[in-house]
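A quick write-up on the structure given underneath.
Nothing in this text is a laboratory measurement; each read-out follows from the coordinates by a stated rule. Because the structure is predicted, anything quoted here is derived from the model rather than measured. Don't worry about glycine lacking a Cβ; one is built from the backbone with ideal geometry, like all the others, and counts go over all protein chains shown.
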Amino acid sequence: MLYKTSEHIENLMVSQEAVRKQFEVSKLELESGYAVDADPLREKEHEVVPGMINKYGNRVLCLLTAECAAYCRFCTRRRLVSDIDQGRIDKPHVNSWIDYLRHHNEVREVIISGGDPFTVNDDLFDYALGEMSSLESIRIVRIGTRAPVSDPSLVNCRKLDAIARVDKPVYVGIHFEHPSEITRATINCCRSLITANAILYSQSVFLKGVNDNYHTLHNLFNELLEIGVRPYYIYRCDPVPGATHFQVDPAKERHIMTMLRRKLSGLACPAYVIDALDGSGKVPVPLEFWDADTTHYTDFKGDEHVI
């Protein structure tokens, strides 16, 4: 995985250690503590046409690009992100997605992700969003991004207009890790998305030394709700090569989430989940209100995994 940052992130890295740790290359990336899988969520096994992944039947994930404005060092798709050859998507690829969706009316939801969809040219973004949302069978569109955090300028007028033209719900999931990422430029970007009729939610990952404490996450989730972003998921960091040093003790994660559940508004408290390592579901973790064995869990297929 190559190193890449944006001017916006570089400016934050100067004064914000929590941001610097997420984007700066560390020697710890070369010191994985145990064998890990480059594709732990088995996305490649569920790729139905190039760039389109169908793991759940009623919704598909479309990887519009392998590029991001800046590369998070804990990325689940380290195997893919920055790989130009693997991630080069054009209109013929999108047409193959459309053809698949026309023959699979059971798919009701499209998730456009990558990489970061806001890094692609305006024409491709407009075409992909417009063509897929125009299908009668598609009822919901989601866009996964970190652009409002990594480079708010990428959320430009052309892309906002493309979102505003969709006559179905468009949910934009924004990746946030720390309160210091909520800058004035990021707030303005979120407001622009809301003005374009997007519904905003956030996703976060527990990261050792970045956000693995109660006060950081308490502030993050409250501040997100205040700017119109609903905290949705917080994940355990996936064990991908080069990122295992970010993993937090599961018992510590569970304790933090228990304290947050006691104090936060229900709207501000995200679901704490593990993305099953064979790609079979996002499994909620029971908090300390329940006496449970949290060293094992069962995925959507009934298979047991050890944390």
Gain upon complete extension [D90, K44; 0.36 nm per residue less C-alpha separation]
14.6 nm
When the dipole is taken about the Cα centre of segment 86-221, and only Lys, Arg (+1) and Asp, Glu (-1) are charged at their Cβ, what size is it in debye, to the nearest 20?
200
Where both partners of a DSSP beta bridge lie in segment 7-306, what percent of those bridges are antiparallel, to the nearest 5?
25
Sorted by Cβ density within 10 Å, fewest first, the residues I182, I111:
I111, I182
Between R262 and N11, what length comes free when the chain is fully extended (0.36 nm per residue of separation minus the Cα-Cα distance, one decimal in nm)?
86.8 nm
The FRET efficiency for N105 and R184, from their Cβ-Cβ distance with R0 = 51 Å and rounded to 0.05, is 0.70
Quickly work out the H215-to-I307 label distance, labels modelled 7 Å from Cα along the C-beta direction, and quote it in nm with one decimal.
2.5
May I ask for the percentage of alpha-carbon pairs in segment 133-204 that lie more than 15 Å from each other?
51
For the chain, just say rounded, prolate or oblate: build the C-alpha gyration tensor, square-root its eigenvalues into a ≥ b ≥ c, call rounded for a/c under 1.5, and beyond that prolate if a/b exceeds b/c, oblate if not.
rounded
Per 0.36 nm of contour for each residue apart, how much would the distance between K282 and L135 grow if the chain were fully extended, relative to their Cα-Cα spacing?
50.2 nm
Kindly count the pairs of lysines across segment 7-306 whose alpha carbons are less than 15 Å apart, treating pairs on different chains or eight or more residues apart as eligible.
6
For V25, placing the label point 7 angstrom along Cα-to-beta-carbon and taking segment 48-83, residues whose amide nitrogen sits under 17 Å are 68, 70-75, 78-83
How big is the Kirkwood radius of segment 75-153, worked out from every pair of different alpha carbons and given in Å to one decimal?
13.6
With +1 on each Lys and Arg Cβ and -1 on each Asp and Glu Cβ, and nothing else charged, work out how big the dipole of the chain is about its Cα centre, in Debye to the nearest 20.
620
So how do C269, C62 line up by other beta-carbon neighbours within 10 Å, fewest first?
C269, C62
Give me T244, T294, T145 sorted ascending by neighbouring Cβ count inside 10 Å, so fewest comes first.
T294, T244, T145
